[in-house]
Each structure stands twice: as C-alpha cells, then as structure tokens.
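Enquirer: After the structure tokens below, expect a handful of questions from me.
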Amino acid sequence: MVDLKKNVLYSKYEMKVDIYKSNKKYDIIYTDPPWKQGKGGKKKVRPNSSGGELDYPTMSLQDIKELHKNVFDNLTRDNHNVFMWTIDKYLIETEQFMKELGYTMHARIVWHKVTGMAPAFTVRYTNEYLLWFYKKGKILMLDDDVRGKYSTLITEKVERHSQKPKAAYLMLEDMFKKSTKLELFARSYRDGWDCWGNEV
C-alpha cells in the first residue's frame, strides 16, 4: 500500500510538482498509471522481443487507486475531467475503481498503435484506451469552437515503449485551451502542463 504521508513507494522520484504538498488546483488530470504487467514472452515472429520486465517500476491496482484518490481529493477544481490511460488487461478494473471514487465515464478514446505486443502468444494487442471521466453535474465542457471536432479514435505509431501519442496532448490542449492541466507519471516536460513522474 502507498503511504500517502511519507510517499514511500515513489520516494526515489524527482517531481516537478509535489502532488502530496501542492495547493494548486487543476481542471484536467491526465494520467498514465504504471499498470503491473510484463513485456510478454520472447517470440519467434518478433526476434527483437525481450520477454523481460518493464523498464520502469509498476504499481498494484490498489496503490494506483489510492494515489489517484489523493490527487482527486486535493488537487482538482470543482468542475474537472480525468483522462486516464489503461490497457485491455485492466480496462474493466479501471472503470470500476473510478466508479468507486465517484466518477462516471464519458468516453473511451481508442489509440490504435498500428504495432503492438502479443503477450498471450495469440493476437497482438494494438490498442490502448484513454478513458474520460467526470463527476456527475461537474463535467468541464470543452471549448465551443471544437465541439464535435475529435473522434474517439487516434491512429499513431508507437515511438517507444509506453510513450503515449502526441495527438492526445494536442487534442486536450485544443479542447481545453485555458484550463490548468496536470500530467501524472509524465515522461517529459510539456509547455502548458504541470507534471509529476520519475522521468521528468
């Protein structure tokens, strides 16, 4: 379990924003939790597959839930949206724990990665999901000039493992131009965003 006061699990992380001490409030929370999984086994059809562990520390479902509860309770404005990345393995669980935290799902945005891994030695998983959540009566509406502009499908090739598509950032920046934005588990700095993660 994550000790929210001592921040034991992520004490080795360098944070641009200390999510345990900040008083800033955000309209948009964009998060890519480190779901517990492996890279899949080594496969003959993909000679460069490693079959090894992920290149970053992962968290249990309960720890992910607790960390996000802390952020939602302390760092969000009354009207706000949460955009959370998840994978097939945790799709149902993600929707369930967000419901337990008081959120309703508005949309599943599907990222078609073109390539993907085949951990079950059957089919290759080429999709990830960006889930849009809000609290009933407190959804933050997107800017008038972009209503209906974007679809629920993003097609963009993977550049490196776990890196998310640029199109997702561009979409959110266009939808919510003046909103305050916080990225959790960020891997790089981005203009207009506050961020927290072990690679920034």
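The values are calculated or read from the model by the stated rules, or taken from the named source; none is laboratory data. Just so we're clear, the structure is a prediction, and the values are computed from it rather than from any experiment. Glycine gets a Cβ as well: all are built from the backbone with ideal geometry, and neighbour counts include every protein chain shown. Accessible surface is based on the protein model in full, side chains and every heavy atom, while ligands, DNA and RNA are left aside. Shrake-Rupley method; radii C 1.70, N 1.55, O 1.52, S 1.80 Å.
Enquirer: Just to be sure, is K69 modelled with pLDDT of 95 or more and out of contact with any Lys or Arg (no Cβ under 6 Å at 6 or more places or on another chain)?
Expert: Values: modelled with pLDDT of 95 or more: yes; out of contact with any Lys or Arg (no Cβ under 6 Å at 6 or more places or on another chain): yes.
In short, yes.
Enquirer: Name every residue in region 20-46 that is within 14 Å of K181 (Cβ to Cβ) and either modelled with pLDDT under 95 or part of a loop (DSSP other than H, G, I, E, B) (or both), in order of residue number. Lay out the reasoning, then the answer.
Expert: Of the residues in region 20-46, the ones within 14 Å of K181 (Cβ to Cβ) are 22, 24-32.
Passing the criteria: S22, K24, K25, D32.
Enquirer: Which of the residues that make up region 144-194 are assigned to a strand (DSSP E or B), under 13 Å from W85 (Cβ atoms) and either open to solvent by 50 Å² or more (accessible area, probe 1.4 Å) or out of contact with any Pro (no Cβ under 9 Å at 6 or more places or on another chain) (or both)?
Expert: Going residue by residue through region 144-194, those that are assigned to a strand (DSSP E or B) are 153-155, 181-184, 194.
Retained after the next criterion (residues that are under 13 Å from W85 (Cβ atoms)): 154, 183-184.
Within region 144-194, E183 is the sole residue that qualifies.
Enquirer: Within region 103-120, identify whether any single residue is out of contact with any Leu (no Cβ under 9 Å at 6 or more places or on another chain), in a loop (DSSP other than H, G, I, E, B) and under 17 Å from T76 (Cβ atoms), and answer yes or no. Show your work before the answer.
Expert: Looking only at region 103-120, we keep the residues that are out of contact with any Leu (no Cβ under 9 Å at 6 or more places or on another chain), and these are 103-104, 113-120.
With the extra rule that they be in a loop (DSSP other than H, G, I, E, B), the set shrinks to 103, 118-120.
Those still in the list that are under 17 Å from T76 (Cβ atoms) too: 103.
The answer is yes, given that some residue of region 103-120 is out of contact with any Leu (no Cβ under 9 Å at 6 or more places or on another chain), in a loop (DSSP other than H, G, I, E, B) and under 17 Å from T76 (Cβ atoms).
Enquirer: Does T94 fit the bill of being hydroxyl-bearing (S, T, Y) and assigned to a strand (DSSP E or B)? Let's see the steps before the verdict.
Expert: On the way: hydroxyl-bearing (S, T, Y): yes; assigned to a strand (DSSP E or B): no.
No.
Enquirer: I've got another one for you. Being modelled with pLDDT of 95 or more, open to solvent by less than 20 Å² (accessible area, probe 1.4 Å), in contact with a Pro (Cβ under 8 Å, 6 or more places away or on another chain) and within 24 Å of T152 (Cα to Cα), is that true of even one residue in region 99-116?
Expert: Yes: one or more hits.
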